[in-house]
Amino acid sequence: MKKLIDEDAEDSQFSERTIVSPISAKNPLPREQTPALLVVSGPHIGRSFPIDKVEFMIGRVDSCDLVVEDDLVSRHHCKFVINKEGTLLSDLASTNGTLLNGHRVERNLLKEGDQIQVGSSTILKYHLQEDVERKFLAELYNAATKDFLTGAYSKKYFMDRLSSEFYYVQRNGGQLAVVILDLDFFKKINDTFGHIAGDVALKRVSQYLMTTTRKHDLVARFGGEEFIIFMRECDLMQAKALAEHLRTGVANLKIESGGKAFQVTTSIGITVMNTANQAQYPNVEALIAGADTQLYRAKNEGRNRVCG
């Protein structure tokens with residue numbers, strides 16, 4: 001993704017730099033506990049990230065352990081280093097700074113309950129996490145963001161993330177593709193093979209979509225037999241190629257339920273927002289409506305095809 005901010009520039013809202021020295025008391029971490037960052041505000045709210053390596057980095061680039069898409073977050077913003085004293089937070093000369101409990105810091109040894117802010121809205125709570133707690137928090141996060149049947153993301157989570165991506169492209173330029181897939185004649189599958197078979201088909205298609213799309217594309221169940229995907233930095237030609245790959249892959253899936261095997265096909269609609277056509281898409285709903293229009297075109301032209 002293109003560079004969004006000048007990392008040598010200082011932002012006026014953080015003009016005063018507070019240097020907090022690391023505490024000197026020795027406090028090694030209990031072996032049965034893992035340092036972790038719980039997101040209490042921001043796009044990943046509710047998710048817990050274990051610091052399960054010697055160095056854990058936060059920033060805007062894909063190579064970071066926690067990627068935060070925010071104009072005020074530097075490419076490599078800050079890092080957490082585990083040493084014999086505990087967990088050390090270090091700012092990486094970020095443009096807009098790293099806040100610890102409301103104060104801008106360069107280096108500081110963390111204690112239970114400390115809150116770290118990066119960018120405009122992401123706040124992380126540092127805590128020591130037991131394995132049981134980690135699993136429990138992961139289950140809560142999945143319950144809040146994933147569709148129970150298919151394992152794809154929920155419609156609400158998708159809409160929240162799409163809104164963030166949409167306004168990011170509006171402010172900074174770039175391209176954002178939305179793809180809607182609808183399983184063809186799904187009612188006939190339920191009527192012929194039973195509703196359990198229909199559920200199996202939804203799970204298989206969902207699994208295929210999630211494992212076949214690119215790393216930062218996001219797949220969600222949009223309702224019934226519909227799935228929706230957003231694709232970053234993807235023009236119409238690329239989106240059509242990716243969608244055609246998905247269409248072919250779904251058609252080739254061998255689905256089995258109750259000793260019976262069957263196959264499904266999908267109709268796909270695509271729309272892409274870019275710098276040139278932003279005026280056509282004043283909001284997220286308009287972008288989705290564009291993809292939906294193309295989906296109905298695919299259905300009207302015979303199904304099992306891609307339109308965009």
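The values are calculated or read from the model by the stated rules, or taken from the named source; none is laboratory data. Being a predicted model, the structure only gives us computed values, none of them experimental. Note that each Cβ is placed from the backbone with ideal geometry, even for glycine, and that neighbours are counted across all protein chains shown. The area values use the complete protein model at the heavy-atom level, side chains included, leaving out ligands, DNA and RNA. Shrake-Rupley method; radii C 1.70, N 1.55, O 1.52, S 1.80 Å.
Of all the criteria given as (1) modelled with pLDDT under 95; (2) under 21 Å from residue 205 (Cα atoms); (3) among the aliphatic types (A, V, I, L, M), the one not satisfied by residue 306 is (1).
Restricting attention to region 47-100 and to residues that are among the acidic types (Asp, Glu) and touching a residue at least 60 places away in the same chain (Cβ under 8 Å), the residue that is nearest to residue 157 (Cα to Cα) turns out to be 69. You will find that of 53, 111, 125, 79, the residue that is outside any helix (DSSP H, G or I) and over 25 Å from the mean Cα position of the chain (by Cα) is 111 and no other.
The set of residues in region 111-137 being closer than 17 Å to residue 82 by Cα, open to solvent by less than 80 Å² (accessible area, probe 1.4 Å) and either touching an Asp or Glu at 6+ places or on another chain (Cβ under 7 Å) or among the β-branched types (Val, Ile, Thr) (or both) consists of 116, 126, 127, 128. For region 271-299, a tally of residues being in contact (Cβ under 8 Å) with a residue 24 or more places away in the chain, assigned to a helix (DSSP H, G or I) and over 23 Å from residue 226 (Cβ atoms) returns 1. Considering only residues in region 159-186 that are part of a helix (DSSP H, G or I) and of a type in the set (A, V, I, L, M, F, W, C), the one that is most open to solvent (accessible area, probe 1.4 Å) turns out to be 159. Under the condition of being modelled with pLDDT of 95 or more, assigned to a loop (DSSP other than H, G, I, E, B) and surrounded by fewer than 18 Cβ atoms within 10 Å (Cβ to Cβ), the residues counted in region 82-94 number 2. Consider region 138-158 and keep the residues that are of a type in the set (A, V, I, L, M, F, W, C) and buried (at least 18 other Cβ atoms within 10 Å of the Cβ). The one that is farthest from residue 219 (Cα to Cα) is 158.
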